[in-house]
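S.K.: This is the structure I want to talk about, given as structure tokens.
Only the coordinates and a few stated rules stand behind these numbers; no lab work does. Keep in mind that this is a model prediction, so the values were computed, not measured. Don't worry about glycine lacking a Cβ; one is built from the backbone with ideal geometry, like all the others, and counts go over all protein chains shown.
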Amino acid sequence: MQRESQDSYVRRRDDLEKLEMERRKQLETELQSRKLQHDAQLKQEWDRKKLQEEKERLQKLAQQRNHQQHRQHHHYQVATSSEDDNSPRLKQRSTGQMDGIRSHTYLPRTDMKKMERNFEIFPDLLGSGNFADVRRAVNRESGQEVALKLIKKSKVQDRLHVDNEIGLMQRCNHKNICQLYQFFELPKSFCLVLEYVNGGDLFDAIREAKRFTEVDAGKIIKDVVAALVFLHDRQTKIPK
């Protein structure tokens, strides 16, 4: 009787061990299946992401090619078709020389030594930001003071943004808007040769004066509105 009881216990134990092994195998199979499904899902998401990145890259290249073709076609010339463009000031800036500096000229890549031969660059900063520094300089040939805006290439993610800024500034030919004279490409930066305005900015003027008279405020508002009207009148002429 005791022997039968022991045999029964052994059989029950063996059955439980077999059942436990089967459960473990089933669990391992389920885990493996889930892992394969998860890996397949991750691979699909990765493939979709890479496909989208490649699509965006090709679109960006196409936009850059279109922009370069447009730039070569127009040669960075100012479109002048309104009555205001017939003024002597605008004619002088859009047709050639201005105080010894060629206006609206796109120049090939140069280096800092050539820049220093053309301009005496002063060390003091007129302004500084995350993307660019602005320094005062003097054209050695004409003696005219200018402002050099040096845009750091390391901060530029898309060259198209710089080209757009140049194209926009070339079309902003107005007495109340800072003028762009030349553009240079240096090894580490893009250099915009701008009109030098030594009166400071409006915020500093307000802070120093604390308050303006009605006449002074009216003059400032008139100049700002004139510049805005000029920009709005020409926004349809600026290529997208």
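S.K.: Give the average over all directions of the projected area of the C-alpha convex hull of the range 170-216, one decimal, in nm². If you can, show how the numbers build up before the last one.
M.R.: Numbers: hull surface 20.4 nm².
Mean projected area for the range 170-216: 5.1 nm², to one decimal.
S.K.: Another question, if that's okay. What is the calculated FRET efficiency for D133 to K222, with r their C-beta to C-beta distance and R₀ = 35 Å, to the nearest 0.05? Let's see the in-between values first.
M.R.: Details: r = 32 Å, r/R0 = 0.91.
It comes out at approximately 0.65.
S.K.: With a Förster radius of 25 Å, plug the Cβ-Cβ distance of R207 and I121 into 1/(1 + (r/R0)^6) and report the FRET value to the nearest 0.05.
M.R.: Values: r = 29 Å, r/R0 = 1.15.
About 0.30, to the nearest 0.05.
S.K.: Continuing with the same structure: For the range 112-186, compute the orientation-averaged projected area of the C-alpha convex hull (one quarter of its surface), in nm².
M.R.: Numbers: hull surface 22.5 nm².
Here the figure is 5.6 nm², rounded to one decimal.
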